[in-house]
Amino acid sequence: MSYTLIGKHEKDSRANRDGYVSAMLEMMEKNKDLIHVDCDLMGCINTGKLLKAFPGQTFNAGIAEQNAMGVAAGMAATGLDVFIHSFGCFAARRMFDQAFLAAGYSKLPVHVIGSDPGVCAAFNGATHMPFEDCALYMSVPESVVIDSCDYAQTYALTKKLAQEPGLSYMRLIRKGFTTVYADGSDFEIGKGVTLRDGTDVTIIASGILVDEALKAEEQLAAKGISARVIDMHTWKPLDVELILKAAKETGAIVTAENHQVSCGLGSAVSNVLTDQCLVPLERIGIQEQFGQVGPQDYLMEQYHLLAADIVAAAEKAIARKEK
């Protein structure tokens, strides 16, 4: 694993979906058994490029997500390595029964891509806002679950997922995103990345909350508080060793996620701390709420997913530590 942190809080001119598409184009050229299945969203995810370049390896199953998963699992059963995409709400809620049984239970290499996770769905509609997508896939034995944050990470982890032998789920932002890593950065599934070192509190974030965590670290530093920042891009398998190290060395943890905290990254970290190293934990994320419609910036404010919210949680965790 090697990476270059940019961390300038600047929007990337590219679409994050193209990190996935670029990786797939390169891999499809070398591996004729690599397949992409889409659910009538090739224009949204830009996988029309895959269809044009590799028409024999790219399939549109239409607006029939459950059937699409059955097709993907059937292909995988013949020895093919299959990626399948839909919006996160459909990739989770709609096709999960088939994913669990046809792919997970059968131990087949089917890699689900769920786009527009959480508040990133923005104007797609309140019912199209998945705050529980990762939770469903985390419940599948031996599954892999990833929340990628930018182009470089999406590109690198797509290539790593192609080597996974079983069911996986990666959620990703489609378009606008803040650049965290330089191109060429590499990541390892199941290993978090320490972006900032610190001694007073640790912020464990993923996806769009990674940049907010970096902003929070800067704001805390201005107050004389030393915060460690970890990008926990893989929720399952979780980097337990890194979490325990941070807990022992900083004594307080804040998690930050674009997902329900009761069944996501925060709960996974909580399980580790409860079992092995009990320290104060505060969780930033969706607090038992449904989705709504609006610009992403507005939604992040409404659901308290901003750097200021992470700062307040860090101060609260530290205060609890000192009692």
Hits in the stretch 1-18 (condition: among the polar types (S, T, N, Q), touching a residue at least 60 places away in the same chain (Cβ under 8 Å) and open to solvent by 40 Å² or more (accessible area, probe 1.4 Å)): S2, T4
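Going by the conditions given, is I243 outside any helix (DSSP H, G or I), within 23 Å of S148 (Cα to Cα) and not aromatic (F, W, Y)? I'd like the intermediate steps shown before the answer.
Values: outside any helix (DSSP H, G or I): no; within 23 Å of S148 (Cα to Cα): yes; not aromatic (F, W, Y): yes.
Taking the combined requirement at face value, the residue does not satisfy it.
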Cβ-Cβ under 7 Å pairs, at least 6 apart or on other chains, the stretch 155-170 side modelled with pLDDT of 95 or more, far side open to solvent by 20 Å² or more (accessible area, probe 1.4 Å) and of a type in the set (S, T, Y): Y155/S22
Odd one out for A121 among (1) open to solvent by 10 Å² or more (accessible area, probe 1.4 Å); (2) farther than 24 Å from I189 by Cβ: (1)
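For the stretch 42-54: of the residues being of a type in the set (A, V, I, L, M) and modelled with pLDDT under 95, which is least open to solvent (accessible area, probe 1.4 Å)?
Just the residues of the stretch 42-54 that are of a type in the set (A, V, I, L, M), to begin with: 42, 45, 50-51, 53.
Filter again for modelled with pLDDT under 95, leaving 42, 45.
Values: M42: 25, I45: 1 Å².
Among those residues, the one meeting the criterion is I45.
Identify all residues within the stretch 183-200 that are part of a loop (DSSP other than H, G, I, E, B), over 28 Å from S143 (Cα atoms) and either open to solvent by 20 Å² or more (accessible area, probe 1.4 Å) or touching a Cys at 6+ places or on another chain (Cβ under 7 Å) (or both); write none if there are none.
At the first step, the residues of the stretch 183-200 found to be part of a loop (DSSP other than H, G, I, E, B) are 183-185, 187-192, 197-200.
Then keep just the ones that are over 28 Å from S143 (Cα atoms); that gives 197-200.
Within the stretch 183-200, D197, T199, D200 qualify.
Residue-by-condition table, conditions (1) under 21 Å from T154 (Cα atoms); (2) in contact with a Lys or Arg (Cβ under 6 Å, 6 or more places away or on another chain); (3) outside any loop (DSSP other than H, G, I, E, B); (4) open to solvent by 10 Å² or more (accessible area, probe 1.4 Å):
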| residue | (1), (2), (3), (4) |
| --- | --- |
| M24 | yes, no, yes, no |
| M27 | yes, no, yes, yes |
| G56 | no, no, no, yes |
| G62 | no, no, no, yes |
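The values are calculated or read from the model by the stated rules, or taken from the named source; none is laboratory data. Small disclaimer: the values here were computed from a predicted structure and weren't measured. Positions of Cβ are generated from backbone atoms using ideal geometry, with glycine treated the same way; all protein chains shown enter the neighbour counts. SASA here: full protein model, heavy atoms, side chains in, ligands and nucleic acids out. Shrake-Rupley method; radii C 1.70, N 1.55, O 1.52, S 1.80 Å.
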